[in-house]
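A.B. asks: Provided herewith is a single structure, encoded as structure tokens, for subsequent inquiry.
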Amino acid sequence: MHCYWTLLTLLLLSSWPLQAQSLAPIVEFLPECKQDDVLPVKTTLKVRNNNLLRFSQLRDVPEVARYLQQMRENASARRFDAVLLQQLKQAEYKAPGNNSDVFVQLELFRFCDGNDALSDTSADPGSSRQIRQSLGTLEVKTSINTVVAFARAESDYKLIAPPHMHVSLTEGAMGVKPQMTATQVQALWGTPSADLVLQDGSRLLGYGRRLWVLLDPLVKVVFTDSEILSGVGRNLLEFHPEFDEKPWLVDGKVPYKKDMVQASLQLGSWQKKSALLWRRQLGTQQLSVQFEEFNPESVDKNTALLTGFRLSGQPDHVVKSPLQQAPMADVLTFVESVNVRNLRQHPLASQLLPQLRVHQMVQRRNLIWWLPTTQLHVLLQKDKISRLKVTAPIIRNLQQPDQFPQLLKALQIPISKAGLRLAFPDMQDYGDRFQLYRDDFDILIEFASDEEHAPIELLEIIYHYPH
């Protein structure tokens, strides 16, 4: 069976033509609905041990990154919508010699017509996607906390299971109620996945990928919303087992994605603000539940399912204020100080001044990024800067100029493929992904496509500690 899958993979890689188009993305969360004609692929990659030592995440290892890039190209050529990453893990045993095995299991799929949304369920919630094998006398630890340090102390990060998953006017949302303090919220739910400061001074705490708490300074609203974060922001957040995997229950009995007809029978009477929005009120608090229509079987009749809730004090508060941004002059001064063209020593954490430490987002537990702006991410390791990333904004529909040109100019990184080849002749060119490996740093760049004039979508600099 293993030979069959390996042969299938080789045939796919050798026979599929490349398309000059936007490539199918790699996704790690199950689609809400997919068509039946999927293409499963399994393979084992040989990966150099010294490459494993340079990266904390398996997806960033060059051999793995190249393979995933090829599968994106193959999926696009075969007109699949996306590549589902079902399993990516390192072999438990230590292979002899200079190489190790990495197992990859993928599925090429197409979304159902009219529904291209991803669910909150991970394709492989048990997989860490991180490097964990001992390699000779050097060891890459099992816990990512020892691979890359973080902004908070490890003892400060707490993952707490909520007291219950009930959402009601009497019990609150999993225990959290309006007028609570941020300290009380974190005592019940642990450290937030996202801690964002809005321009009006209020604070937005995210737990998992779609549960939010608005404070000003006390809790105003607890609500679900999958539209606040962009795709970049959503993918930056960790998969949270307590909030992304376990369904909440309205009145302790009607779960997320319950059919409206069944929900109506179990919930009793509610004020119908619209066909898909119901509301209840008790004293100074109100609870709304939201339904959405789905057509999973591509038939004429839609099905309304319970998809969200909103618990608030009165009057209800709506998140309208944009995120705070650090002063751009300070941001550019900082970015200029860490550019690799004039790198003489490892950048220090002290260079990220207090006014630049605006927002935090958690990626893969205790890997906590500071975000001076919605497009600039900085990772600290002890007293040094470990990684710097420039991306599209983490927030949807953000009305501000694109910061990519300014940030790349401050980093002395050319914005075009031709300029990158000229500035870094040893940079590896994979079409829509460029990679540069040096003793002091690595640069990873992803483009919108493999076309020559495609814009940059992501830039990441990984600074190496001296041994």
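The values are calculated or read from the model by the stated rules, or taken from the named source; none is laboratory data. Since this is a predicted model, take the numbers as computed values, not measurements. When we count neighbours, we look across all protein chains shown, and the Cβ atoms used for this are built from the backbone with ideal geometry, even at glycine. Side chains included, ligands, DNA and RNA excluded: accessible areas come from the protein's heavy atoms. Shrake-Rupley method; radii C 1.70, N 1.55, O 1.52, S 1.80 Å.
A.B. asks: Angle, helix 2-15 long axis vs. longest principal axis of the chain, Cα atoms, 0 to 90°, nearest 10?
C.D. replies: Helix 2-15 sits roughly 80 degrees off the main axis of the chain.
A.B. asks: Something else now. Over 24 Å between Cα atoms: which of 34/301; 42/246; 389/417; 42/89 fall into that group? Display every interim value, and only then the final one.
C.D. replies: Working: 34/301 18 Å; 42/246 29 Å; 389/417 18 Å; 42/89 12 Å.
In this structure, 42/246 lie more than 24 Å apart at Cα.
A.B. asks: Okay, next question. Pairs of Cα atoms under 8 Å, at least six residues apart: use those to get the relative contact order of segment 418-457, whole percent. Walk me through the intermediate numbers first.
C.D. replies: Numbers: 52 pairs, mean separation 11.0, N = 40.
Worked out over segment 418-457, it gives 27 percent.
A.B. asks: Continuing with this model, one more query. What percent of all Cα-Cα pairs in segment 238-292 falls in each 10 Å bin, counting up from 0?
C.D. replies: Once binned at 10 Å, the Cα pair distances of segment 238-292 give 20, 50, 24, 5.
A.B. asks: Counting only DSSP beta bridges with both residues in the chain, what percent are antiparallel, rounded to the nearest 5?
C.D. replies: Working: 105 of 109 bridges.
Here the share of antiparallel DSSP bridges comes out near 95 percent.
A.B. asks: Which FRET efficiency value, to the nearest 0.05, do you get for residue 439 and residue 48 by plugging their Cβ-Cβ distance into 1/(1 + (r/R0)^6) with R0 = 22 Å?
C.D. replies: Calculated transfer efficiency: 0.85.
A.B. asks: Relative to the first principal axis of the alpha-carbon coordinates of the chain, what is the inclination of helix 62-77, with its axis defined by its Cα atoms, in degrees from 0 to 90 and to the nearest 10?
C.D. replies: Taking the Cα atoms of the chain, the angle to 62-77 is about 70 degrees.
A.B. asks: Next question. Looking at segment 208-280, which trypsin sites (Lys or Arg not before Pro) are DSSP coil and have at most 16 other C-beta atoms within 10 Å of their C-beta? Intermediate results must be reported in sequence, preceding the final value.
C.D. replies: On the way: sites: 209, 210, 220, 234, 253, 257, 258, 272, 273, 279, 280; in loops: 209, 210, 253, 257, 258.
Here the sparse-neighbourhood loop sites are 253, 257.
A.B. asks: How would segment 372-467 be classified by its alpha-carbon gyration tensor: rounded, prolate or oblate, with rounded meaning a/c under 1.5 and the a/b versus b/c comparison settling the rest? Let's see the in-between values first.
C.D. replies: Working: a/c = 2.03, a/b = 1.04, b/c = 1.95.
Cα axes put segment 372-467 in the oblate bin.
A.B. asks: Take the eigenvalues of the Cα gyration tensor for segment 223-345, scale each by 5, and report the square roots as semi-axes in whole Å, largest first.
C.D. replies: Working: eigenvalues 341, 79, 38 Å².
The equivalent ellipsoid of segment 223-345 has semi-axes of 41, 20, 14 Å.
A.B. asks: What number comes out for accessible area per residue over segment 382-441 if the probe is 1.4 Å? Units Å², please. Spell out each step's value before the answer.
C.D. replies: On the way: 2970 Å² over 60 residues.
Accessible area per residue: 50 Å².
A.B. asks: About the Cα centre of the chain, what is the dipole size in debye to 20, counting +1 per Lys and Arg Cβ and -1 per Asp and Glu Cβ, all else neutral?
C.D. replies: Numbers: 50 positive and 51 negative charges, 173 e Å.
Value, rounded to 20: 840 debye.
A.B. asks: What share of Cα pairs, in percent, lie more than 23 angstrom apart in segment 293-422?
C.D. replies: On the way: 4186 of 8385 pairs.
Percentage above 23 Å: 50.
A.B. asks: Choose one of 306, 424, 173: the residue whose Cα lies farthest towards the positive end of the charge dipole of the chain (beta-carbon charges +1 Lys, Arg; -1 Asp, Glu; about the Cα centre).
C.D. replies: Toward the positive end, the furthest listed residue is 173.
A.B. asks: Rounded to a whole number, what % of the accessible area of the chain do carbon and sulfur atoms account for, probe 1.4 Å?
C.D. replies: Values: 10880 of 21360 Å².
That fraction is 51 percent.
A.B. asks: Over the Cα atoms, compute the radius of gyration (one decimal) and Dmax (the largest Cα-Cα distance, rounded to a whole number) for the chain, in Å.
C.D. replies: Final numbers for Rg and Dmax: 23.4, 70 Å.
A.B. asks: Right, another one. Regarding segment 358-415, what are the three Cα extents along the principal axes, ordered largest first, in Å?
C.D. replies: So the three principal-axis extents are 31, 28, 18 Å.
A.B. asks: Determine the relative contact order of the chain: mean sequence separation of Cα pairs under 8 Å and six or more apart, normalised by residue count, in whole percent. Spell out each step's value before the answer.
C.D. replies: Details: 940 pairs, mean separation 57.8, N = 467.
Here the relative contact order equals 12 percent.
A.B. asks: Can you work out ³J(HN,Hα) from phi for every residue in segment 250-262, in order, using Karplus 6.51 cos²θ - 1.76 cosθ + 1.60 and θ = phi - 60°, giving whole Hz and x for Gly and Pro?
C.D. replies: For segment 250-262, the Karplus curve yields 5, 6, x, 8, 10, x, 3, 6, 6, 4, 4, 4, 5 Hz.
A.B. asks: To the nearest 0.05, how large is the calculated FRET efficiency for residue 303 and residue 113 if R₀ is 25 Å and r is the Cβ-Cβ distance?
C.D. replies: On the way: r = 15 Å, r/R0 = 0.60.
The formula returns an efficiency of 0.95 here.
A.B. asks: Just tell me the longest site-free run in the chain, where the sites are GluC sites (Glu not before Pro) in a DSSP loop having at most 11 other beta-carbon atoms within 10 Å. The partial results should precede the final answer.
C.D. replies: Values: sites that count: 92, 227, 297, 452.
Counting at most 11 other Cβ atoms within 10 Å as exposed, the longest clean stretch of the chain is 298-451.
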